[in-house]
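Asks: Below are the structure tokens for one structure; questions will follow.
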Amino acid sequence: MGVEGIGARVVRKEDKRFITGKGRYVDDIKLLGMTHAHFIRSPHAHARVKGIDSSAALKMPGVVAVLTGQQLVDDKVGNLICGWAITSKDGSPMKMGAWPAMAPETVRFVGQAVAVVIADSKNLARDAAEAVVVDYEELPAVADMHAAIKAGAPQLHPEAPGNQVYDWVIGDEGAVSAAFSKAANVVKLDVTNNRLAPNAMEPRAAIADYDAAEEHFTLYTTSQNPHVARLVLSAFYNIAPEHKLRVIAPDVGGGFGSKIFIYPEEMVALWASKKVGRPVKWTGDRTEAFLTDAHGRDHVTHAEMAFDASNKIIGLKVKTYANFGAYMSLFSSSVPTYLYATLLSGQYNIPAIHAEVIGVYTNTTPVDAYRGAGRPEASYLIERLMETAARQLKVDPAQLRRTNFITQFPHQTPVIMAYDTGDFNASLDAAMKAIDYAGFAARKAQAKSQGKLRGIGVSCYIEACGIAPSKAVGSLGAGVGLWESAEVRVNPVGTIEILTGSHSHGQGHETTFCQLVADRLGVPISQVSIVHGDTDKVQFGMGTYGSRSAAVGLTAILKAMEKVESKARKIAAHALEASEADIVIENGEFKVTGTDKAIAFPMVALAAYTAHNLPDGMEPGLKESAFYDPTNFTFPAGTYICELEVDAGTGKTSFVNFVAADDFGRLINPMIVEGQVHGGLVQGIGQALLEHAIYDANGQPVTASFMDYAMPRADDVPSFNLSHTTTLCPGNPLGIKGCGEAGAIGASAAVINAITDAIGKNNLEMPATPDRVWRTINAA
Amino acid sequence: MYQTTYHRASSVDEAASLFGKSSEAKFLAGGQTLLPVMKQRLAGPSDVIDLGKIKDMIGVEASGDTLTIKAATPHYDVATSDTAKKAIPALAYLASLIGDPAVRYRGTIGGSIANNDPAADYPAALLALDATVKTNKRSIAAGDFFKGLFTTALEDGEIITAVSFPVPAKAGYAKMRHPASRFALTAVFVAQTKSGEIRVAATGASQSGVMRVGAIEAALKANWSPSALDSISIPASGLLADIHGTAEYRANLVKVMAQRAVAAAG
């Protein structure tokens, strides 16, 4: 692997600028003549906008413009789109209400923008915003999903009667009924998957710059996928044609899914920059992030699992209500359907599954993909069910899982996914050994003698990553393909630039992607740079989400590298007067095997560009590109086991140990992988113990600041004990599965299973706050 | 933030004088409440008078049976002060639990008690230790100082200069942290004075702010031990309730935290 090759724990190249405060984020960018935008947002969860009087604001110092939703309509700017079409069980397409970037008529959640003030400074824009008078007529609002689908509930969109977006099904209902009719045991569970606010460290921001002479727009924005942003902004919103729009996503401080989507603020900034003839900057604050960044999760589910007399699962039926908030965000429709229900088989051989998912509108912030996106909801449900079943059937929870593990691959589940490989026993074994599962009973007894309630919880998760085979997702309703692109540019002196369509916003691509090059060519990573996040520099690509950048993005780079190597090999063979088949690449040299004849890689590069001595017919230069479309999803899987103690007096949870045994296929940089797992586990634990985006019955957010929304801090989580069991992914040449979301997918169930084990009561919702745990302990 | 004029006072007298000249001035201590509120435009003082750099207002001193913490002393200084740890270890411990490190480096005792957040830590210590609040005009007993939610006996423009604590025979503090804000979800300070009086104060629990807990004081008077509180039941009426804790839960915490504070006090 070499000191910087695949598998090496290379220190991150990008950290020097991040740690020394030299990162360049959108808000760090200042353009000449730049104006500042401040959005005027609805304080009501549901209201009619009867009028907007901006006359006083327009007279205030430094105010350039006050723009409203009606002006968007007048300029024929398109509404926000949802990019994945879902069909209900009755064959009808999903029912969507229009989402204008600023509401001309009706606001449907607190924080929805109705107007924007453009001024010479942010403070002046805020001053003027206070002088804009918006006349609202309040309408009845509904924030609770079950209330929203009741007869007589306030209606959000005329297009969606009963506030229902879709009623979608997957699986074979008849086969499931047959299984349940012969079941020896049936286990039932109701679970809520709590709504989360993503809270990337950097809030969203945008600077739009319109060049009137060139009729060209530049948009600097906090995006996980700048090309997708450009595509959507140009194809659907009628603001700028694709060839006249450059989208730059510079350093981005975390996304977790929330920066996939094209939001109203970016659209409005782009449109406004042309209207006012000056660059327009908007930087969201934390309150705006709570109110407008797409939230995650928010499911309520009833599930039943049927077992035969030997404790084998014979059927699973699931009914889930998914809260979409007030509007359908870009990929929201796919999250509780194809990203959720297709993983309901978990790690288990389940012959019959049927799931029904009902999507619901409420007067709350829109919900979309958040780290894991549907897969945490599936994993949490299945792993809570397995633990519940073990308790009901009075068998060891680990053994019940083992009894039902899939052991033969490939394995076709009844819910679309075909698992390619895995070794679920191996990761369960590794985790049980790491936590000394066998010794737990003694530890629990010991803790009990000291008045402590100790519990252990297992979670065997599986996810589908490497998103995604384009043809497959297209057949399921996706509006885009999910391949990735790469270009490898070898400079005449032999340094290398890798242009990738994926985007790094914390993942460490600038290091890991270089490691592939170092591994193949034996050049130091200091000679390689990664170029990403700029649509003018980089060929079209799909961006970063769904743990796809290594499995899909890096494979594209590999494909381009292979083309570069092939050409370089020909040049070297020609220069060395050897057969191409005899050329081997070692330590930065192209050698004739079995001889001491060699040419250094920079000399090959130089030869390609001087073109003085190339093989006949060969084009000069050394630059290749590739597009890689995966053939299947990848299936990272593993076992997490959590051991903890509950303080019966306060309900407070204290971790004793947390072990993770993951199978991510091949690891490029184990240090970065560990960092990804740590972060994911913290988010999973955050969901289990702390985080909850709450609305009151009228749709007012209760948790719109860090004073109320509990983000996990370092002292809320334990030190993690990580290990890896590896089965290489057969679907891509590097054998990579992906690691970005696993922790957030698997951790929550391990924690709740451990707490419910400790307190001896099975019904406990997330977040398991001390209050909630204490009340559960003391409930009759 | 609205436009404001910042003043850095070099003495208490100068600060008081600046305040008198301004229409809508606010004193700034550590800024842990005022600055976030100003950034959200929920407050817009014409003038901000910074007390944090007044040398006479910073420091921890012990003299005889009294520990004095000057008003602009940051929590971190109290938490790490050998003087404080020797005189009243429970008080230094309390300071170490306030907020997070960033808050402890900036926040001050004077700012905390002047704000009198119903879930702040220090008010419980002042009340339980029968401390005296020293201002530029007078001395105020802790029992007279706290007047309910975000309300104190301070007059307009009056500046807290120090808090003096009688060194108790025993004292202990136990806190259940609010998971988001790190204020007290409920915390209890127990003290046994050198004259044998038992004083118990709870913060984060009552809708009226920091409070003495008579039932617990009486039980501990009879028997200074955690088990003395086993049969105590704190009524939930009048207690705070929010997404992080029901009133019943807080009632339970008053008792449990008191038991743990007694155990810590020894």
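Asks: Taking a quarter of the surface of the convex hull around the Cα atoms of chain A, what do you get in nm²?
Replies: Averaged projected hull area, Cα only: 36.1 nm².
Asks: Given N residues in segment B:42-94, what is its alpha carbon radius of gyration divided by 2.2 N^0.38 Å?
Replies: Values: Rg = 14.0 Å, N = 53, 2.2 N^0.38 = 9.9 Å.
Here the answer is 1.41, to two decimals.
Asks: Report the rotationally averaged projected area of segment A:684-735 based on its alpha-carbon convex hull, in square nanometres. Write out the running numbers ahead of the final one.
Replies: Working: hull surface 28.2 nm².
For segment A:684-735, the mean projected area of the Cα convex hull comes to 7.1 nm².
Asks: Counting every Cα pair in segment A:281-381, what percent are over 16 Å apart?
Replies: Values: 2984 of 5050 pairs.
Across segment A:281-381, Cα pairs with separations above 16 Å total 59 percent.
Asks: Where nothing but the Cβ of Lys and Arg (+1) and of Asp and Glu (-1) is charged, how large is the charge dipole of chain B around its Cα centre, in debye to the nearest 20?
Replies: Around 400 debye, computed over chain B.
Asks: Okay, moving on. Give me the inter-chain shielding for B:175-186: mean count of other chain Cβ atoms within 10 Å, whole number please.
Replies: 5
Asks: Once you keep just the Cα pairs under 8 angstrom separated by 6 or more residues, what percentage relative contact order results for segment A:177-221?
Replies: Values: 20 pairs, mean separation 10.8, N = 45.
This gives 24 percent for segment A:177-221.
Asks: What value does segment A:663-780 have for Rg/Rh, both radii from Cα atoms and Rh as Kirkwood defines it? Could you put the intermediate results ahead of the total?
Replies: Values: Rg = 17.6 Å, Rh = 16.4 Å.
Result for segment A:663-780 is an Rg/Rh of 1.08.
Asks: Compute the distance from the alpha-carbon center of segment B:179-214 to that of segment A:592-608, in whole Å.
Replies: Each part's Cα centre sits 78 Å from the other's.
Asks: Across peptide A:704-711, what mean number of C-beta atoms from other chains lies inside 10 Å of a residue's C-beta? Provide the component values of the computation, followed by the final result.
Replies: Numbers: counts 0, 4, 4, 6, 7, 4, 7, 2.
The mean count of partner-chain Cβ atoms within 10 Å per residue comes to 4.
Asks: Among the listed pairs A:76/A:274; A:591/A:623; A:312/A:448; A:76/A:275; B:39/B:175, give every one whose C-alpha distance is greater than 23 Å.
Replies: A:312/A:448; B:39/B:175, as the Cα separations exceed 23 Å there.
Asks: Mind ranking A:247, A:656 by accessible surface for me, highest first, 1.4 Å probe?
Replies: A:656, A:247
Asks: Moving to a separate point now. P(r) of segment A:534-641 in 10 Å steps, Cα pairs, percent per bin?
Replies: All Cα pairs considered, the percentages come to 13, 34, 24, 20, 8, 2, 0.
Asks: Per the helix-only calculation at 222 nm, which mean residue ellipticity applies to the protein assembly as shown, given -39500 (n - 2.57) for every DSSP H run of n ≥ 4 and division by its residues, nearest 500 deg cm²/dmol?
Replies: Rounded to the nearest 500, it is -8500 deg cm²/dmol.
Asks: Magnitude of the Cβ-charge dipole of the protein assembly as shown, K/R +1 and D/E -1, about the Cα centre, nearest 20 debye?
Replies: 1920
Asks: So what are segment A:1-43's ellipsoid semi-axes, whole angstrom, largest first, if each one is the square root of 5 times an eigenvalue of the alpha-carbon gyration tensor? Working shown, then result.
Replies: Working: eigenvalues 318, 46, 15 Å².
Semi-axes (√(5λ), whole Å): 40, 15, 9.
Asks: Just how far, in whole angstrom, is segment A:453-511 from segment A:12-76 if you go by their alpha carbon centroids?
Replies: Cα centroid of segment A:12-76 versus Cα centroid of segment A:453-511: 31 Å apart.
Asks: Roughly to the nearest percent, how much of the accessible area of the protein assembly as shown is carbon and sulfur, given a 1.4 Å probe?
Replies: 52
Asks: Something else about it: Return the FRET efficiency for the residue pair residue A:190, residue B:10: r is the Cβ-Cβ distance, R0 is 56 Å, and the value is rounded to the nearest 0.05.
Replies: 0.30
Asks: Oh, and also: Please give me the summed charge of the neighbours of residue A:657: other residues whose Cβ is under 12 Å from its Cβ, Lys and Arg +1, Asp and Glu -1.
Replies: -1
Asks: Which loop GluC sites (Glu not before Pro) in segment A:504-582, with loop taken from DSSP, have no more than 13 other Cβ atoms within 10 angstrom of their Cβ?
Replies: A:577
Asks: Shifting gears a bit: Roughly how far apart, in whole Å, are the Cα centres of segment A:366-403 and segment B:111-175?
Replies: 50
Asks: Next question, about the same structure. Using Cα pairs under 8 angstrom and six or more residues apart, how large is the relative contact order of segment B:6-130, in percent?
Replies: Rounded, it is 22 percent for segment B:6-130.
Asks: Rounded to the nearest 10 Å², what accessible area does residue A:727 show when all protein chains are kept and the probe is 1.4 Å?
Replies: Rounded to the nearest 10, that gives 30 Å².
Asks: Tell me, what does the Kirkwood hydrodynamic radius of segment B:138-226 come to in angstroms if you use every pair of distinct C-alpha atoms?
Replies: When all Cα pairs of segment B:138-226 are included, the Kirkwood radius is 14.7 Å.
Asks: Right, here's the next one. If you count the DSSP beta bridges with both ends in segment A:496-608, what percent of them are antiparallel, to the nearest 5?
Replies: 65
Asks: How much net charge surrounds residue B:130 when only other residues with a Cβ under 13 Å from its Cβ are counted (Lys, Arg +1; Asp, Glu -1)?
Replies: -1
Asks: Quick one: order A:432, B:38 from most to least accessible surface, probe 1.4 Å.
Replies: Numbers: A:432 40, B:38 5 Å².
From most exposed to least exposed: A:432, B:38.
Asks: What residue among B:206, B:44, B:9 has its Cα farthest toward the positive end of the dipole of chain B, where the charges are +1 on Lys, Arg and -1 on Asp, Glu, each on the Cβ?
Replies: B:206
Asks: Nearest 100 Å² is fine: how much accessible area is buried between A and B, summed over both sides, with a 1.4 Å probe?
Replies: 2000
Asks: Something else now. With every protein chain in place, what's the accessible area of residue A:736 (1.4 Å probe, Å², nearest 10)?
Replies: For residue A:736, the solvent-accessible surface is approximately 0 Å².
Asks: Extending each Cα 7 Å along its Cβ direction at residue A:579 and residue A:9, get the distance between those two points in nm, one decimal.
Replies: 4.4
Asks: Only loop residues by DSSP count here, and only those with at most 11 other Cβ atoms within 10 Å; note down the GluC sites (Glu not before Pro) in segment B:1-62 that meet that.
Replies: Working: sites: B:14, B:24, B:61; in loops: B:24.
Answer in residue order: B:24.
Asks: Turning to a different aspect of this structure: What whole-number volume per residue, in cubic angstrom, does the convex hull of the C-alpha atoms of segment A:516-588 give? Numbers along the way, then the final one.
Replies: On the way: hull volume 8.4 nm³, N = 73.
Enclosed volume per residue, from the Cα hull, is 116 Å³.
Asks: Which one, B:62, B:35, B:163, is farthest towards the positive end of the dipole of the protein assembly as shown when Lys and Arg carry +1 and Asp and Glu -1 on their Cβ?
Replies: B:62
Asks: Calculated FRET efficiency, residue A:87 and residue B:100, Cβ-Cβ r, R0 56 Å, to nearest 0.05? Don't jump to the answer; show the numbers that get you there.
Replies: Details: r = 49 Å, r/R0 = 0.88.
The computed FRET efficiency comes out at 0.70.
Asks: Need one number: nm distance between label points at residue A:285 and residue B:197, each 7 Å from Cα along Cα→Cβ, rounded to one decimal.
Replies: Between residue A:285 and residue B:197, the simple spin-label model gives 4.5 nm.
Asks: Once a ≥ b ≥ c are taken as the square roots of the eigenvalues of the Cα gyration tensor of segment B:107-266, is the result rounded (a/c under 1.5), prolate (a/b larger than b/c) or oblate (a/b not larger than b/c)?
Replies: oblate
Asks: Given a Förster radius of 25 Å and the C-beta distance between residue B:232 and residue B:169 as r, what FRET efficiency does 1/(1 + (r/R0)^6) yield to the nearest 0.05?
Replies: So, using R0 = 25 Å, E works out to roughly 0.70.
Asks: Once amide H atoms are built 1.01 Å from N in the peptide plane, which residues 5 or more positions from residue B:119, or in another chain, come under 5 Å H to H?
Replies: Sorted by chain and number, the residues that satisfy this are B:204.
Asks: Charges on Cβ only, +1 for Lys and Arg, -1 for Asp and Glu, centred on the Cα centroid of chain A; of A:712, A:129, A:456, which one is farthest towards the dipole's positive end?
Replies: A:456
Asks: Dipole of segment B:132-199, Cα-centred, from +1 at each Lys and Arg C-beta and -1 at each Asp and Glu C-beta, to the nearest 20 debye?
Replies: Value, rounded to 20: 340 debye.
Asks: Now, a different point. Give me the Debye-computed log₁₀ of I(q)/I(0) at q = 0.11 Å⁻¹ for segment B:1-123, equal point scatterers on Cα only, no solvent, two decimals.
Replies: Taken in order of the listed q values, log10 I(q)/I(0) reads -0.39.
Asks: Explain nothing, just compute: Karplus ³J(HN,Hα) = 6.51 cos²θ - 1.76 cosθ + 1.60, θ = phi - 60°, for every residue of segment A:505-515 in order, whole Hz, x for Gly and Pro.
Replies: 10, x, 7, x, 4, 5, 9, 5, 5, 5, 5
Asks: Where Lys and Arg each count +1 and Asp and Glu each count -1, what net charge lies around residue A:166 among other residues with Cβ under 9 Å from its Cβ?
Replies: Taking every Cβ under 9 Å from that of residue A:166, the sum is +1.
Asks: Now for a separate question. Using only the Cα atoms of segment A:23-114, what do you get for the radius of gyration and for Dmax, in Å?
Replies: Cα only, segment A:23-114: 17.6, 57 Å (Rg, Dmax).
Asks: Sorting B:140, A:81 by accessible area (1.4 Å probe), largest first, what list results?
Replies: These residues rank, largest area first, as A:81, B:140.
Asks: What spacing in nm lies between the two simple spin-label points modelled at residue A:22 and residue A:566, each 7 Å away from Cα in the Cβ direction?
Replies: Placing both labels 7 Å beyond Cα along the Cβ direction yields 3.9 nm.
Asks: Can you give the relative contact order of chain A as a percent, counting alpha carbon pairs under 8 Å and 6+ residues apart?
Replies: Taking the mean separation of contacting Cα pairs over the length of chain A, I get 16 percent.
The values are calculated or read from the model by the stated rules, or taken from the named source; none is laboratory data. Owing to the predicted nature of the structure, the values given are computational and were not obtained by experimental measurement. Positions of Cβ are generated from backbone atoms using ideal geometry, with glycine treated the same way; all protein chains shown enter the neighbour counts. Side chains included, ligands, DNA and RNA excluded: accessible areas come from the protein's heavy atoms. Shrake-Rupley method; radii C 1.70, N 1.55, O 1.52, S 1.80 Å.
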